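A short write-up of the structure that comes next.
The values are calculated or read from the model by the stated rules, or taken from the named source; none is laboratory data. None of these values were measured; they are calculated from a predicted model. Here the Cβ positions follow ideal geometry from the backbone for every residue, glycine too, while neighbour counts run over all protein chains shown.
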Amino acid sequence: VVEGDCFSVEGQLFGNAKEGEKVYALHRDGTISHLTIMKIEESTTFAEQVKKEEQDETPESQGQRRVKLFFSRKDILSPDWKYAVITDIPYQIEANVHQAVENPYLLGLSRVFFERQGEGEFLNLFFRELVRSHYLVAIETDGSLPIGEKVGSVTLKAGMKITIPHVTMDRGESALPVFTDWFALGAMDQQMEALNQQKEAGGKRETMIAGFPQIVSMLTKGEGFVINPYGPQLFYVSPELIHNLMSSPGYQSEFGEAKVQSVEVKKDAEVLLGYPKENEEVEALHRRLISFAKTHSEIAMLDMLLKRDESGTTSYLIIVDMPEEHCHECFKEIYESCRDLLHRVPYMDFVTLQRGDFAKGARTEEPLYLRD
């Protein structure tokens, strides 16, 4: 709701918030607004609040209250606030061993899952975040892991024994426990006495970061996994749900086999070109593209623009200075290395520098990568 220079949103608050606090608004279109809370108002009357406090709280509603938050209009980057999550936890578009794993969007959506599960749009968004998220998985080894070749990566020793603890669900199903953050993982240490006994006997607990495809590869036939089995909100991903998710068009477009096709652009076709605005997605793409170019000696230059065609489709245009004869294979590799970052803008177009004369006028800055 627009109120003068302010913009207000109303919703359910879990935990605490305070005026002046820096927060992030995570929108379903991939936009992330960086905001400061200007004012907080309770949305319920005093009588309603008292009545609510008299009711027994469920684990899902514990600490929950309805509030209205006010922000400056100039900081709002998306008009779409349906299913938006406001949090003080930074959204991590890619896993980083130097930062604690957090999944604020999935956590926020999970807190209202049972209230919203009848809404198709919500379910699509929830499952999209479920397969995009990075999770912590606890493993046990018979000794410490070897020193890695690079930060966050190790090669396991031949013969090393690895055990992945499992939990048993209410109906007797065995499930692999995974965790959205270190707080949820810590709850396991407090409740799994068997794990503590194994550690005392000489086993060493290690933690790995895994995405949805990697987690699925760890499962035995007919097995599922459970997110945050010890709270704050448990969610069981059954084998049937895993099958349905992996068979969906959305999953295949994001994790299935990459397809690169040549398209001949009409000579008089109108396209808009420019540099994309800096945001978490663009910054992550820049890092990934530079890293790729540095490890491929055939690339002399690489740059990235934002492109909008006559149909209104927006894509990242990647311009690469390299030999024409191997460009299609390279384009596919670039896309494969970046596709997990394509949230707000889901498409990538490629062109070699030799064929990219149409973009000369738009390239007013130094290229993203230039070989020394």
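So S78 passes all but one of these: (1) part of a loop (DSSP other than H, G, I, E, B); (2) modelled with pLDDT of 90 or more; (3) under 21 Å from N103 (Cβ atoms). Which condition number does it fail?
Only one criterion is unmet by S78, namely (2).
Does any residue in region 160-189 that is in contact (Cβ under 8 Å) with a residue 60 or more places away in the chain and more than 16 Å from Y236 (Cβ to Cβ) come within less than 9 Å, Cβ to Cβ, of a residue that is in a strand (DSSP E or B) and not aromatic (F, W, Y) six or more places away or on a different chain, and which pairs are these?
Close Cβ pairs (under 9 Å, with a partner that is in a strand (DSSP E or B) and not aromatic (F, W, Y)) amount to D181/L136; W182/L136; W182/T207.
Any residue at all in region 232-246 that is small (G, A, S) and out of contact with any strand residue (DSSP E or B) (no Cβ under 9 Å at 6 or more places or on another chain)?
Step one: of region 232-246, the residues small (G, A, S) are 238.
Those still in the list that are out of contact with any strand residue (DSSP E or B) (no Cβ under 9 Å at 6 or more places or on another chain) too: none.
Checked region 232-246: no residue is small (G, A, S) and out of contact with any strand residue (DSSP E or B) (no Cβ under 9 Å at 6 or more places or on another chain).
Quick check, is K277 over 30 Å from L35 (Cα atoms) and either in a loop (DSSP other than H, G, I, E, B) or modelled with pLDDT of 95 or more (or both)? Show your work before the answer.
Numbers: over 30 Å from L35 (Cα atoms): no; either in a loop (DSSP other than H, G, I, E, B) or modelled with pLDDT of 95 or more (or both): yes.
When the stated conditions are applied, K277 does not pass them.
Pick from region 92-107 the residues that are surrounded by 18 or more Cβ atoms within 10 Å (Cβ to Cβ) and not polar (S, T, N, Q): which of them is farthest from L123 (Cα to Cα)?
V101
Tally up the residues in region 40-65 that are loosely packed, with under 13 Cβ neighbours inside 10 Å and at pLDDT 90 or above, please. Break it down into steps so the answer makes sense when it comes.
First pass over region 40-65, keeping only residues loosely packed, with under 13 Cβ neighbours inside 10 Å: 41, 45-48, 50-51, 53-59, 62-63.
Okay, now just the ones that are also at pLDDT 90 or above, so 41.
Residues that pass the stated criteria total 1.
Restricting attention to region 310-345, and to residues there that are loosely packed, with under 15 Cβ neighbours inside 10 Å and in a loop (DSSP other than H, G, I, E, B), which single residue is farthest from the chain's Cα centre (by Cα)?
Per the stated criteria, the residue is P323.
Take L241 and decide whether it is touching a helix residue (DSSP H, G or I) at 6+ places or on another chain (Cβ under 9 Å) and assigned by TED's automatic domain parsing to the domain that holds T364.
Answer is no for this residue.
For region 231-274, how many residues meet the condition of being assigned to a strand (DSSP E or B) and either surrounded by 15 or more Cβ atoms within 10 Å (Cβ to Cβ) or of a type outside the set (A, V, I, L, M, F, W, C) (or both)?
5
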